[in-house]
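What follows is a single structure, written as structure tokens, with notes after it.
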Amino acid sequence: MADISVVKEPEFRDDVTVQLIRSAAQDSDVVWSARVSTAGETSVSAVDQDPAEAKGLINFLLKNRHGTPFEHNSMTFMISAPIFVFREFHRHRVGWSYNEESGRYRQLEPVFYLPSTDRKLIQVGKAGHYTFEDGTPEQYETVRSATIRSCTEAYNSYQEMLDAGVAREVARAVLPVATYSTMYATCNARSLMSFLSLRTKNEDSAFPSYPQREIEMVAEKMEAEWAQLMPITYDAFISAGRVSP
């Protein structure tokens, strides 16, 4: 007889978390990697020259889309978000590495995404040309009650199978994509700029994007961390209309 595990009460959240775990990323990384083309082996010793010159170089590189100097750095984030956010995330493959918690090897916690009351609910228009508008209180209540009911029932079924001795990799199939997961995501400045250009909505963007709000919440937190690490590069990205080199 399998041991009966403790029944856990579902938790519902409307947020995401992003933590910068490790970084080797600064503006000087862009400078020395670019200057190797003209300075060769002395390029590293040239990074402490005039800050205005470094700023000018970074702006030139980004504006003219010379991208490789922005790849010689690294940032690792730990992200907690609903599974459906990660499925969008994994569309970004060039310059990214991912490791996510596995429902094969550990019991997943009953933590689920429930949109906040200010989450827009109504899609107006057809695919590729639409906007989202606020829902009514009645529509939000439908979302709230249906989400709580379905996620609770799904986790009870998951727990039932685990208690019967069914393997985790089989039992997890009943869990919804609203279930929270955690992953490490490692990228460089160039791959992050490409991500931000697509996954944030900003009036100053040269090429406007219309991301799903939940992945945009993650992107906003990652952008804030990156802006502290590489302020000159970040400002150049903004000045260039949020276009990745």
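Just so it is clear, none of the values below were taken in a lab; they were calculated from the coordinates. Computed from a predicted structure; not experimentally measured. FYI the Cβ positions are ideal-geometry reconstructions off the backbone, even for glycines, and counts take in every protein chain you see.
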query: Calculated FRET efficiency, His66 and Ala173, Cβ-Cβ r, R0 41 Å, to nearest 0.05?
result: 0.30
- request: May I ask you to derive the relative contact order of the range 102-178, considering only C-alpha pairs under 8 Å and at least 6 residues apart, and to give it as an integer percent?
  value: 35
- prompt: Given [x] 1.24; [y] 1.00; [z] 0.95, which label gives Cα Rg over 2.2 N^0.38 Å as computed from the coordinates?
  reply: [x]
Of the trypsin sites (Lys or Arg not before Pro) in the range 7-115, those whose Cβ has at most 12 other Cβ within 10 Å and which sit in DSSP loop: Lys8, Arg65, Arg91, Arg93, Arg104, Arg106
statement: Counting as exposed only GluC sites (Glu not before Pro) in DSSP loop states with no more than 16 other Cβ atoms inside 10 Å, the longest exposed-site-free span of the chain is 102-202
message: As I understand it, the value is the acute angle between the Cα axis of helix 27-39 and the longest principal axis of the Cα atoms of the chain; what does it come to in degrees, rounded to 10?
response: 40
Helix-only [θ]222 nm of the chain, DSSP H runs n ≥ 4, -39500 (n - 2.57) each, per residue, nearest 500: -13000 deg cm²/dmol
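Between Asp235 and Ala146, what FRET efficiency comes out of the Förster formula 1/(1 + (r/R0)^6) with R0 = 45 Å and r the beta carbon distance, rounded to 0.05?
After rounding, the FRET efficiency stands at 0.55.
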task: Would you calculate the separation in nanometres between label points at Ser157 and Gln123, each defined as 7 Å from the Cα along the Cα-to-beta-carbon direction?
output: 2.3
- prompt: Short version: ³J(HN,Hα) in whole Hz for each residue of the range 135-146, in order, from phi by Karplus 6.51 cos²θ - 1.76 cosθ + 1.60 (θ = phi - 60°), x for Gly and Pro, what are they?
  reply: x, 7, x, 5, 5, 5, 5, 5, 4, 4, 5, 5
message: As a quick test, which of the pairs Lys8/Lys201; Lys55/Lys201; Lys120/Lys221 have an alpha carbon distance above 32 angstrom in this structure?
response: Lys8/Lys201
message: Using 0.36 nm times the number of residues separating Lys8 and Glu53, minus their current alpha carbon distance, what extension gain do you get?
response: 10.4 nm
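Full-extension gain between Ala164 and Ser97, please, as 0.36 nm times their residue separation minus the C-alpha to C-alpha distance.
20.5 nm
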- request: Please sort by residue number the chymotrypsin sites (Phe, Trp or Tyr not before Pro) in the range 70-115 whose DSSP state is loop and whose Cβ has at most 16 other Cβ atoms within 10 Å.
  value: Tyr105
task: Might you report the magnitude of the Cβ-based charge dipole of the chain about its Cα centre, with Lys and Arg at +1 and Asp and Glu at -1, to the nearest 20 debye?
output: 700
message: Pairs of alpha-carbon atoms within less than 8 angstrom and 6+ residues apart define the contacts here; what relative contact order does the range 88-245 have, in percent?
response: 26
